[in-house]
Structures are given as structure tokens and as C-alpha cells.
Ligand SMILES: [Zn+2]
């Protein structure tokens, strides 16, 4: 049985926006009644947990709406409903991570928010749920070393920035869009990000398909192994590498992404690494195709973990 955390309150009402918040609800709907999957509501994250990662000034700005530029640094129009929604989505990430330590695998039907920095948000990411969850479990003594396997289309710059002061945290980002300016078909071969001792990145050249992706997965897993064994893996199972995504220069279809997910889960199982995944990005205009990628991640997880 795989537990997936979701709450209707995950989706802040931000109006007509490129970020299809309603996909969370659509994925939950697609999972309703599915054998082997249980959908549960998480507790909202406590402020103290946010403050392990984010500055008091930024957390207060998101709560109160002032100063407005900081409260909207993630590029959402601020409303009083933003705060409860981000407490729930970050609570979902923590609940999934905690559950993975017990069950081996779990999911949160929310994003990982890998562009969020300590002092501000970016790219639709308010608080970095991956690092918030990792910090909470570390504080509880449940996971002392955590690796993020980030297969969102975009480079996970926020998580990488948060690695600087956390030698116990590792970030591996395999990306096809350098994220800066978020230009489709960005030249990731020449625009590279600086790696560090505990954060590495592998750029997928434009037009990459399954073979290039799988080669990068091997390199990513080897990088995590070289860093040392984590107690927990947090997996950013992005839907935006999909070939029809407006930001994707890659040639990955639904089968390729399901095989990607199966590869990651099989690796985690083989290495006996607890793994929690989040949905991450996905902007294909026909949202049913985004939902299909995320449901495919459940197909993959169930095929590996039974
Ligand atoms: Zn993305």
C-alpha cells in the first residue's frame, strides 16, 4: 500500500496562471479508488519547521502579505489564502518523507518547490518543501543524511543554494532547461550551473530521449553513492520534461517518463533507500497529459514496490 498525501487546500486560488494548481486535485481524483494507493490529508507544517530553512522576514512576508514584493517573490499574486495552502503543501512533503521512512515509499501530490531560497521564493516556489521536510526529520533524529534526486525539467537552484550550509544534504539535478529566464530550448550545454561538494547537476542536451536520460540517471546515482549513503531520498518526479511541455526541449514521451520513474524506484529498492516523491512541474496546455505523467509515476512505483 502506497500512501499519497493530498488536501483540497493544496491549491491556492491564484486565478488563471501558468502553474496548473488544479492538477493536484486532478491527480487525487485519478487515484480515487485505485487499489494499492491510499490518499490521506497531511497536517499543515508548523512555523518552526519553516524557520529551520527560511528567514523570519520571508516567512512573515508570506503570512502577512507585507512587504508585498517579498510575499510575491515566487510570482504568485498574494492573498490571505496563500499561507494556509503553502503550510499544507509543505506539510504534505514532510508527511510523505516521514511515511517513506516507515513504509519504504510514499508520495505527496504537491510540488517540491526546488526554486525556493532561504530569503525569498522563485519560479512558483514559496517554501522549499524538500529541505523543510529533510530538516524536520533531521531535527527529529529520523534521517541524518538526505539526498534529493531532482528530475524536474528545470535546474533545482533553490535546493542547491540551501545545500551550501548543509553538508548532510545532497542535491542531484538532472535538467533540460537551465531555469534562468525559463526560456524553452535553453542551451544547457553552454549555460551550466556551478556544482559543489554536495550538489551536482547533469544537463540533458536538446532533443534528448530515453538513452540520454538513462545515462544521466546512472551518473546521478553514482554521484549520490560517491557522496555516501543517505537515510532518505526525496524524488522530484517532474512532468515538465514531457516532449509537449512548452518549456521542454526534450524528446521524452509518456512511456519514457514512466520508465524513468521505474528506474528510480528500482534503484531505491535495490539500494534499500526509503524514497518519497513529489509531483514537481508540468505545464503542458492539455492538463490531462500532465496528470497522465503523474499517474504514470504511481504505475511505476506500484510495479516496483507491489
Ligand atoms: Zn520545472
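The values are calculated or read from the model by the stated rules, or taken from the named source; none is laboratory data. These numbers were taken from a predicted model, which means no experiment stands behind them. Here Cβ is always computed from backbone atoms with ideal geometry, including for glycine, and neighbour counts include all displayed protein chains.
Looking across the range 124-153, the residues that are within 14 Å of the ligand (Cβ to nearest atom) and out of contact with any helix residue (DSSP H, G or I) (no Cβ under 7 Å at 6 or more places or on another chain) come down to 124, 152, 153. Looking at the range 136-150, can you tell me whether even one residue there is modelled with pLDDT of 95 or more, assigned to a loop (DSSP other than H, G, I, E, B) and crowded, with 19+ Cβ neighbours inside 10 Å? So far as the range 136-150 goes, yes, one or more of its residues are modelled with pLDDT of 95 or more, assigned to a loop (DSSP other than H, G, I, E, B) and crowded, with 19+ Cβ neighbours inside 10 Å. Evaluated against (1) closer than 23 Å to residue 162 by Cα; (2) modelled with pLDDT of 95 or more; (3) surrounded by 20 or more Cβ atoms within 10 Å (Cβ to Cβ), residue 203 falls short on exactly one condition, (2).
When we screen 59, 39 for residues that are modelled with pLDDT of 90 or more and under 23 Å from residue 300 (Cα atoms), the only hit is 39.
Taken over the range 176-200, residues that are under 14 Å from residue 151 (Cβ atoms), at pLDDT below 95 and assigned to a strand (DSSP E or B) amount to 1. Anything in the range 250-264 that is within 16 Å of the ligand (Cβ to nearest atom) and in contact with a strand residue (DSSP E or B) (Cβ under 7 Å, 6 or more places away or on another chain)? List them, or say none. Correct list: 252, 257.
Looking only at residues of the range 209-239 that are crowded, with 22+ Cβ neighbours inside 10 Å and part of a loop (DSSP other than H, G, I, E, B), we find that the one that is farthest from the ligand (Cβ to nearest atom) is 230.
Evaluating residue 162 against the criteria (1) in a loop (DSSP other than H, G, I, E, B); (2) closer than 22 Å to residue 113 by Cα; (3) away from the ligand (no atom under 16 Å from the Cβ) leaves one unmet condition, (1).
For residue 292, the conditions (1) part of a helix (DSSP H, G or I); (2) touching a residue at least 40 places away in the same chain (Cβ under 8 Å); (3) away from the ligand (no atom under 16 Å from the Cβ); (4) within 18 Å of the chain's Cα centre (by Cα) are fulfilled apart from (2). Has the range 110-123 got any residue that is more than 16 Å from the ligand (Cβ to nearest atom), buried (at least 24 other Cβ atoms within 10 Å of the Cβ) and either modelled with pLDDT of 95 or more or assigned to a helix (DSSP H, G or I) (or both)? The answer is no; no qualifying residue exists. Considering 267, 277, the condition of being within 16 Å of the ligand (Cβ to nearest atom) and either at pLDDT 95 or above or assigned to a helix (DSSP H, G or I) (or both) is satisfied by 277 alone. Does at least one position in the range 69-80 carry a residue that is modelled with pLDDT of 95 or more, crowded, with 22+ Cβ neighbours inside 10 Å, more than 16 Å from the ligand (Cβ to nearest atom) and within 14 Å of residue 10 (Cβ to Cβ)? No; the residues of the range 69-80 include none that is modelled with pLDDT of 95 or more, crowded, with 22+ Cβ neighbours inside 10 Å, more than 16 Å from the ligand (Cβ to nearest atom) and within 14 Å of residue 10 (Cβ to Cβ).
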